[in-house]
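The values are calculated or read from the model by the stated rules, or taken from the named source; none is laboratory data. As the structure is a prediction and not an experimental result, all values here were calculated from the model. Backbone-built Cβ (ideal geometry, glycine too); neighbour counts: all protein chains shown. SASA here: full protein model, heavy atoms, side chains in, ligands and nucleic acids out. Shrake-Rupley method; radii C 1.70, N 1.55, O 1.52, S 1.80 Å.
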Amino acid sequence: MTNVDDINWRIQRISPSDAAKMLNIVSMNGHIDKPSLQSFEKDMREGRWVLNGAPIILGADASVLDGRARLHACVRSENAFETLVVSGITKDAFETIDSIRKRTLADVLSIRKELHGRSLGAALRILWSYESRVTPGKAKTPGITALLAILEQRPEIRESVLPALRAIPILPHGCGIALHHLAARINLEKADRFFAELGEPVSSEPNHPVNQLRNALLGLRGQGGVRKQTYILAIAIKAWNAFFHGRRIKQLRFGAERETFPRLDADSGWGPLGDSVHSSNLSSIKERQFSLNVRSVMVTPEMAETLLASRGPNRHVSAPVINKYARDMLAGRWL
């Protein structure tokens, strides 16, 4: 069991060479989550890494107990990063480390109290794919930090959250937010009308693009998967293009095997999103000084209740995780 007096902590700037040396002594050489590694690497390379209090955990023998993905990302990105380092933890504590599910983009947006955070997160992934000219679902989207950067660059995306509600349930809300935002950049009035008519048709003409889209979407209900989302987005863009130009269409469909993914007519695009960091910002990030207050305390049930009463916004923690921790504490296995 780890002795509290043996635990040390520090804020350390870890260089790629430091990370490589630390990785020479690891407690476990198991699988590293590839999406996390790629996300960390991208954030470090582009100067977006944030000191968030999550530590690199080292054993009493300096072996890495937690943080391999971050260290590998440091080596691959060839950039240093600041982090909290906790050392002196015994190896028998390994199985209790990192038991909680990693936060998703939807978690972060919900914690930030963004309106319809889950749908907004889906829209950000779609917009990244569209602006990167990648067919949605054909490539992994970047990490959370890069996707949040899109929202910071284009805060007006939030203005499409409510208009997109008009097309629910036939058009998934995330798809609707992304499409409304793209269409509104071309013509806001027509974008609003397109979604209003999709929710409540004003014409019974079968060749009207909104009716064609509505009928196609109703036919897809009950189907799921990435391919469905790609198809929905493609036919929705085609319907918008026809609506924008006042054209009628006889049949609305998309053949992924023989067609390239459609673009909105008259859309100039933004270029790559969430990828640019000005050199001045990057230098300020590298030169910034960080400080954290870290302490080891014995938490009593009464103290835990007090902390929970004053906690900030957070995501739901599942009952199985809570029960596991409670069993470990009751049995004296908590380290």
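Selection over region 1-24 of residues that are at pLDDT 90 or above and farther than 20 Å from T83 by Cα gives a count of 0.
Which fully enclosed helices (runs of 4 or more DSSP H) of region 155-217 have 3 or more residues being more than 18 Å from A242 (Cβ to Cβ), without any contact (Cβ under 8 Å) to a residue 40 or more places away in the chain and open to solvent by 60 Å² or more (accessible area, probe 1.4 Å)? Write out each step before concluding.
Details: elements: 161-164, 173-186, 188-199.
Fully inside region 155-217 and qualifying: nothing.
Counting only residues that are closer than 20 Å to V86 by Cα and of a type in the set (K, R), which one in region 25-70 is surrounded by the most Cβ atoms within 10 Å (Cβ to Cβ)? Among those that are closer than 20 Å to V86 by Cα and of a type in the set (K, R), it is R70.
How many residues are charged (D, E, K, R) and without any contact (Cβ under 8 Å) to a residue 40 or more places away in the chain if we restrict to region 139-154? Break it down stepwise before answering.
Residues of region 139-154 that are charged (D, E, K, R), as a first pass: 140, 152, 154.
From what is left, the residues that are without any contact (Cβ under 8 Å) to a residue 40 or more places away in the chain are 152.
Within region 139-154, residues that are charged (D, E, K, R) and without any contact (Cβ under 8 Å) to a residue 40 or more places away in the chain number 1.
Scanning region 228-267 for residues that are surrounded by fewer than 12 Cβ atoms within 10 Å (Cβ to Cβ) and not in a loop (DSSP other than H, G, I, E, B) yields one hit, H245.
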